[in-house]
Structures are given as structure tokens and as C-alpha cells.
Amino acid sequence: MRKPAAALLLAMAALVATAHPTASRADEVPVPRSYGDAMRWYRDASRAGDPKAMFYLGLTLEQGLQDRPRPHEALDWYRRSAEAGFALAQFKLGVLHQTGTIVGRDLARAREWYEKAAAQGMAAAQYNLAVLLDTGGGGPVDQGRAAEWYLKAASSGVAEAYLNLGNLYARGAGVPADAVESLKWLILADDAGIEAAAGLRESVAGVLNEDERARAAAAAEAWKTAHPR
């Protein structure tokens, strides 16, 4: 019900790491023609201090796109990129610490890196940070702050956040108990195809009268209009 949203962004990053625009004129700068060329470009830019290149160099090293995977060398470049302020690298370190991949599992460190990336507007980091705050992963439970980050993630299109907001409002955890507001979020989650939303939606709807259910449905439609996906 409260899963980290890591895979999609990292898959997108892998695609971006190997995608280059095609030159349209002979006098334009040529693009890499192989992973070897790309690696040299990333290394040169990384050594020159480019944090974005550092991240993508780390990604190619971790995935072994040139020869064999070199996860610990990749980790070093991820850290350099993250410390230089690149949000995707900060998010990546959060995922690595949360899952215990390459580094030891450390939810406190995961929370720290997610918070840095979340502050830069990365929706997946906002959601993952909210999950840790909601569940007490890596530190104290703070469902009030979790609700704030779920809302930011929801505003950026992370549909899983709808379900968790519905749960918080249903229980009055970190936010005032509000069955109408809960139903609004559960309608949004169900319409987005989120697993488990349908049953919770039915349960919350069952304690409301017809007017309250109509208000929740109208609020859900207003949200969709204001936040097209």
C-alpha cells in the first residue's frame, strides 16, 4: 500500500543516459556513437565537475553498459553528484540506502537523501519521503509532515499518494479526520487503478450520506480538472 516509487524514474534515467540528439548539420558537434564514446564523454565531463554527467557515469558503471558492472565505482560518482546538488542522484542514493543495494540498508540516510531531492521538487522523492515519515522508517513517525509530502507528490501526479492521503484522512492521522476528504482521495486512487483503493472507497462511502458522497465526487472531479495527468 505504501511502496517506494523508484523503478519508473530510474528506468527513465537509463533511457536518458543513452539518448543523444542527432546532429542536423555537418558543422554541429558530433554525438557519441557507442557506449565507449559515451563513457569517455561522461568521464571527461565528470572530471570537469558536471554533477549531471557524474550521475549518468554512475548509472552506466552500475549497469555495466561498457563491460562489467562496477557498483562501488558507480556509488562514488552518485555521491559526488548528489553532494553537488543533482536531485536525481540524491533520489538514487535514497533508493540504494532504502533497499540496501550496493550500500548497507540505512533508512535514516535514505530519509536524508529523499528530503534533499524532494526539496528540489522531485515527485518520487516526495512520495518516498512521505512513506518513511508515515511509517517511521529511519526516524520518528510524523504523519503531519507525511501528509504534506503526499500532497506535493499527488500534485505532481504520483497516484499512489492518493491512496495514502485517503487513509490518513479516514483515520485522522496527522490530519483532521474527514470522511468526505478521505473519499475524495480514494475516488482518485481507484480511478487511477491503485490496488486496494476500491475496497477502501466502498468502506468509507458506506459511512456517508448521499450528499456527502456527492461532495466527495465533485471534489475529486475538481482535483482532476486542476491537476490533469
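The values are calculated or read from the model by the stated rules, or taken from the named source; none is laboratory data. As the structure is a computational prediction, the values presented were derived from the model and not from experiment. Quick note on the areas: whole protein, heavy atoms, side chains included, nothing else; ligands and nucleic acids left out. Shrake-Rupley method; radii C 1.70, N 1.55, O 1.52, S 1.80 Å.
Sorting Thr135, Thr60 by accessible area puts them as Thr135, Thr60; the probe is 1.4 Å, largest comes first, and only protein heavy atoms count. Over the C-alpha trace of the stretch 80-151, radius of gyration and Dmax come out as 11.1, 32 angstrom. Rolling a 1.4 Å probe over the protein heavy atoms of the stretch 115-167, with every protein chain left in place, gives an accessible area that is 49 percent carbon and sulfur. Accessible surface for the stretch 94-147, divided over its residues, is 36 Å² per residue with a 1.4 Å probe. Kirkwood analysis of the stretch 71-229, using all unique Cα-Cα pairs, places the hydrodynamic radius at 16.4 Å.
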